[in-house]
Amino acid sequence: MRTEVGIIGAGPAGLLLARLLALSGVACIVLERRDPDYLRARIRAGLLEEGTVDTLAEAGLADRLLRERLTHDGVELAFGGRRHRIDLKGLSGKVVTIYGQSEIQRDLMDAHAAAGTELVYEAEDVSLEGIAGDRPRLHYLKGGETREIQCDFIAGCDGFHGVSRQSMPPQVLRTYERVYPFGWLGILADTPPVNPELIYCNHERGFALCTMRSLTRSRYYLQVPADEDVVDWSDDRFWSELANRLPPDVAARLKSGPGLEMSMAPLRSFVAEPMRYARLFLAGDAAHIVPPTGAKGLNLAVTDVRLLAEALAAYYRQGRTDLIDAYSDRCLARVWKAERFSWWMTGLTHRFPEASGFEQRVQMAELAYLVSSRAAQTTLAENYVGLPMQP
Ligand code: RFL
Ligand code: PHB
């Protein structure tokens, strides 16, 4: 088989790239190792920046999103038992959108099914060959048979644990990483959200986040030690720990219910540079990971593939290579700002087991300063709603 762009991974990055390329008349094939039901069931992000919504809308993927989403003008921080609202819209002019990643995944899969995109699910043992040369190839196993796809370019959209990044020559790749000593335990429940806007809580027992998927579906997260086992958490234990960490007025109106899903996510900051080697490009979680505190992971993946689709379209339509050459630098400039923000927001809101009394006091002082300073809140707001795509 032959195509122009071979895409590895059918998460949001891979499927959105395939859509944007198709709209520009560039041919592609997507290889995904999981089955469609697995992809649809994966509960992850929930908060979208305006730039992400605009990109999805321009790609004709936002009809349901624009009908069903919630928009939030603000966000709350809680500490010392009290809540403080940051007026995102007043400070930045922008709002944020609540719409689950699982819904975006569904919208993307439906759009590709309708368009007849070549999308191979359950492609096993995907490997990349000849990436240093002009004729890179993808090999994989399907139904017990080995297959090959010859490509002009390969897009590695295969997440943090994928094969693409690992196929880059080690002497080319630089990686930067911080692993946090805690993770997030998340519950999804069909109960009305405890608050109309998100609440990020710094509490002595650990961080908690109140978020949602709709007016009838809540999502809550608790900071837990990195080695915590989800089997040790019953629904009751989760709800009672959450109530312990929320300000008393919020805890009093918390509605518990059976968990539809409970899962653990480790927290990590990670960047691989460069995001391109010869004819291989990395995009989304394959190139970078942020702790979810700033809600940036999916939004970064969308920016990456937007820039990549633009670069590849310019190559095929106008024979231009300048945008391909600039791809890694253009992405990384924005990635590092989101890395900084997510790392900072994690440090502000979580309890670090190794923190000294001094560091703990400084964290409280920073929170107190933040809620008293319009300048500090503006900084938080403009990062939280999303920095401009191309400054
Ligand atoms: P994905 O979604 O991991 O998709 C990669 C796909 O590649 C496939 N794959 C392979 N296919 C073939 N061969 C191989 N060898 C392969 N290896 C892997 C995988 O099966 C998968 O289908 O990466 P992508 O597309 O880059 O998308 C990134 C986002 O999923 C991620 O950044 C976000 O979920 C992060 N995130 C959040 N981001 C936000 O912008 N806002 C949020 O509110 C937000 N909340 C979150 C989050 C992530 C979380 N977790 C679980 C880490 C909340 C949580 C709890
Ligand atoms: C979510 O809704 O899952 C969510 C929202 C904001 C975050 C992280 C996750 O910072």
Do we find a residue being within 29 Å of residue 194 (Cα to Cα), open to solvent by less than 40 Å² (accessible area, probe 1.4 Å) and touching a strand residue (DSSP E or B) at 6+ places or on another chain (Cβ under 8 Å) anywhere in region 266-283? yes
Going through 20, 16, 77 one at a time, which residue ends up being farther than 25 Å from residue 261 by Cα, crowded, with 17+ Cβ neighbours inside 10 Å and outside the structural domain of residue 165 (by TED's automatic domain parsing)? 77
Considering residues of region 310-337 that are within 15 Å of ligand 1 (Cβ to nearest atom) and either charged (D, E, K, R) or open to solvent by 10 Å² or more (accessible area, probe 1.4 Å) (or both) only, the residue nearest to residue 8 (Cα to Cα): 334
Of all residues in region 97-126 being more than 16 Å from ligand 2 (Cβ to nearest atom), touching a strand residue (DSSP E or B) at 6+ places or on another chain (Cβ under 9 Å) and part of a helix (DSSP H, G or I), which is farthest from residue 72 (Cα to Cα)? 113
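Scan the helices (runs of 4 or more DSSP H) fully inside region 291-391 and keep the ones with 2 or more residues being in contact with a Pro (Cβ under 7 Å, 6 or more places away or on another chain).
Here the list reads 297-318, 322-349.
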Among the candidates 53, 26, single out the residue that is β-branched (Val, Ile, Thr) and farther than 30 Å from residue 371 by Cβ. 26
If I ask for residues that are within 16 Å of ligand 1 (Cβ to nearest atom) and under 18 Å from residue 295 (Cα atoms), which ones from region 202-218 would you list? 207, 208, 209, 210, 211, 212, 213, 214, 218
Being under 21 Å from residue 172 (Cβ atoms) and touching a strand residue (DSSP E or B) at 6+ places or on another chain (Cβ under 6 Å) is the filter here, so list the residues in region 140-156 that pass it. 151, 153, 154, 155, 156
Listed by first then second residue, the pairs whose first member lies in region 33-45 and is within 15 Å of ligand 2 (Cβ to nearest atom), whose partner is in a loop (DSSP other than H, G, I, E, B), with beta carbons under 7 Å and at least 6 positions apart or on separate chains, are 45/295
Complete set of residues in region 43-69 that are within 15 Å of ligand 1 (Cβ to nearest atom) and either closer than 24 Å to residue 348 by Cβ or open to solvent by 20 Å² or more (accessible area, probe 1.4 Å) (or both): 43, 44, 45, 46, 47, 48, 49, 50, 51, 52, 54, 69
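Does residue 373 satisfy being open to solvent by less than 20 Å² (accessible area, probe 1.4 Å) and among the polar types (S, T, N, Q)?
Taking the combined requirement at face value, the residue satisfies it.
Is it the case that residue 35 is more than 10 Å from ligand 1 (Cβ to nearest atom) and open to solvent by 20 Å² or more (accessible area, probe 1.4 Å)?
Judged against the criteria, residue 35 is not a match.
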On the given criteria, is residue 121 open to solvent by 80 Å² or more (accessible area, probe 1.4 Å) and either within 23 Å of residue 303 (Cβ to Cβ) or of a type outside the set (Val, Ile, Thr) (or both)? no
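Identify, from the list 112, 84, 72, the residue that is open to solvent by less than 20 Å² (accessible area, probe 1.4 Å) and farther than 21 Å from residue 305 by Cβ.
Matching residue, one of 112, 84, 72: 72.
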If we scan region 224-232, do we find a residue that is assigned to a strand (DSSP E or B), within 11 Å of ligand 1 (Cβ to nearest atom) and not aliphatic (A, V, I, L, M)? no
Which ones in region 158-184 are assigned to a loop (DSSP other than H, G, I, E, B) and out of contact with any Phe, Trp or Tyr (no Cβ under 9 Å at 6 or more places or on another chain)? 158, 159, 161, 162, 163, 170, 171
Looking at residue 293, is it within 16 Å of ligand 2 (Cβ to nearest atom), in contact with a strand residue (DSSP E or B) (Cβ under 6 Å, 6 or more places away or on another chain) and of a type in the set (Ser, Thr, Tyr)? no
Does residue 302 meet the test of being among the β-branched types (Val, Ile, Thr), more than 30 Å from residue 8 (Cβ to Cβ) and touching a residue at least 60 places away in the same chain (Cβ under 8 Å)? no
Within region 182-201, take every residue that is under 18 Å from residue 293 (Cα atoms) and small (Gly, Ala, Ser) and give me the one that is nearest to ligand 2 (Cβ to nearest atom). 186
I'm trying to understand the selection: among the residues of region 218-238, which are away from ligand 2 (no atom under 16 Å from the Cβ) and touching a residue at least 40 places away in the same chain (Cβ under 8 Å)? 225, 226, 228, 230, 233, 235
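The values are calculated or read from the model by the stated rules, or taken from the named source; none is laboratory data. Just so you know, these numbers come straight off a predicted model, no measurement behind them. So basically every Cβ, Gly included, is an ideal-geometry build from the backbone, and we count neighbours across all protein chains shown. Ligands, DNA and RNA are excluded from the accessible area calculation, which covers all protein heavy atoms including side chains. Shrake-Rupley method; radii C 1.70, N 1.55, O 1.52, S 1.80 Å.
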